[in-house]
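Chemist: First the structure, then my questions, so here it is.
The values are calculated or read from the model by the stated rules, or taken from the named source; none is laboratory data. Since this is a predicted model, take the numbers as computed values, not measurements. Please note: Cβ atoms are built from the backbone with ideal geometry, for glycine as well, and neighbour counts cover all protein chains shown. All accessible areas refer to the heavy atoms of the entire protein, side chains included, with ligands and DNA or RNA removed. Shrake-Rupley method; radii C 1.70, N 1.55, O 1.52, S 1.80 Å.
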Amino acid sequence: VAMVIVTPLAIGLGLVISHYAPRRLAKPVGFLVDLLAAVPSVVFGLWGLIVLAPYLKPFHEFLVDYFGWIPFFDGPASATGRTILTAGIVLALMALPIVTAIMREIFAQTPRAHEEAALALGATRWEMIRLAVFPYARSGMVAALMLGLGRALGETMAVAMVLSTTGIIVSLDIVSSANSNTIAAFIARSFKEASGTSVNVLIFAGLALFVLTFAVNFLGRWIATRGVAKG
């Protein structure tokens, strides 16, 4: 959920900062985005719990009423707003700085000659970006998104604070309180009171999270390496 939100935002911000906004505006915008990385996870968690969750309750009901035929919005809508969707938005804000920073650097490194050649052939600015910038930056974009996904996968405190305290339920529904945990949050909540077999369950959950994170990073590295080899 977080990466679905982050991807268009990071690409758009990266392009605005590197190619569209004037320099006197691009630097402050980039600085403000980078400042989000300095905000502690606890602050994001409190903001998501106190401010964002109640604010999103009408939006959850809207999704259930008009898009309930989609499994992701099956409902019933959460009465508290503490859902996977809310946690995903919080994680998106946490992953946005690192993804945007890498995106804008990759976009800015596109050879100037490629951009000027596209413009000289009559391409608009967007066509130049689509034909010259994106192909050059493809592997870097994948790497940036994978780093952001790694940040989201390992986040614990913000997710544990935003979501309700019920156990993990396997469900595609992201607007209901029924599906209200992640592996990292589950381990953080349960480890203090765990004993006996419960400790084994938590260790296995940690191993599953490690394998998942490793697989994501390996896939991202493979895609980035393949893009560099093709280039």
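Chemist: Can you give me the % of accessible surface on the chain that is carbon or sulfur? Probe 1.4 Å, all protein chains present, nothing else counted.
Modeler: Percent of accessible area from carbon and sulfur atoms in the chain: 70.
Chemist: Let me ask something else. What does the accessible area of residue 136 come to, in Å² to the nearest 10, when a probe of 1.4 Å is used?
Modeler: Solvent-accessible area, nearest 10 Å²: 100 Å².
Chemist: Projected onto the charge dipole of the chain (+1 at Lys/Arg Cβ, -1 at Asp/Glu Cβ, origin at the Cα centre), which of 220, 71, 26 gives the Cα projection farthest towards the positive end?
Modeler: About the Cα centre, the residue reaching furthest to the positive side is 26.
Chemist: I would also like to ask the following. Which value in deg cm²/dmol, rounded to the nearest 500, describes the helix-derived mean residue ellipticity at 222 nm for the chain, given -39,500 (n - 2.57) per DSSP H run of n ≥ 4 and division by the residue count?
Modeler: Value at 222 nm, helices only: -22000 deg cm²/dmol.
Chemist: Could I ask something else about it? Calculate, in nm to one decimal, what residue 193 and residue 214 gain on full extension: separation in residues at 0.36 nm each, minus their alpha carbon distance.
Modeler: Length gained, residue 193 through residue 214: 4.7 nm.
Chemist: Against the longest principal axis of the chain, how steep is helix 2-15, in degrees 0 to 90 to the nearest 10, with axes from Cα atoms?
Modeler: It is inclined by approximately 20 degrees.
Chemist: How much area per residue is accessible in the chain when the probe is 1.4 Å and only protein heavy atoms are counted (Å²)?
Modeler: Accessible area per residue, the chain: 56 Å².
Chemist: Also: Please list 3J(HN,Hα) in residue order for region 108-125, calculated via the Karplus relation 6.51 cos²θ - 1.76 cosθ + 1.60 where θ = phi - 60°; whole Hz, with x for glycine and proline.
Modeler: Each residue of region 108-125 in turn: 5, 8, 4, x, 4, 5, 5, 5, 5, 5, 5, 5, 5, 7, x, 6, 6, 5 Hz.
Chemist: Rounded to the nearest 0.05, what FRET efficiency do residue 225 and residue 127 give with R0 = 41 Å and r taken as the Cβ-Cβ distance? Could you check?
Modeler: The formula returns an efficiency of 0.90 here.
Chemist: Stretch residue 207-residue 79 to full length: gain in nm at 0.36 nm per residue minus the Cα-Cα span?
Modeler: 42.8 nm
Chemist: Among 192, 27, what's the order by accessible area (1.4 angstrom probe), most exposed first?
Modeler: Most to least solvent-accessible, the answer reads 192, 27.
Chemist: Could you work out how far helix 53-67 tilts from the main Cα principal axis of the chain, as a 0 to 90 degree angle to the nearest 10?
Modeler: It is inclined by approximately 80 degrees.
Chemist: Same structure again: Once you keep just the Cα pairs under 8 angstrom separated by 6 or more residues, what percentage relative contact order results for region 1-227?
Modeler: 27 percent
Chemist: Please state the charge dipole magnitude for region 1-227, taken about the Cα centre, from unit charges on C-beta atoms (+1 on K and R, -1 on D and E), reported in debye and rounded to the nearest 20.
Modeler: The dipole magnitude comes to about 600 debye.
Chemist: So how tilted is helix 23-35 from the main axis of the chain? Cα-based, degrees 0 to 90, rounded to 10.
Modeler: It works out to around 20 degrees.
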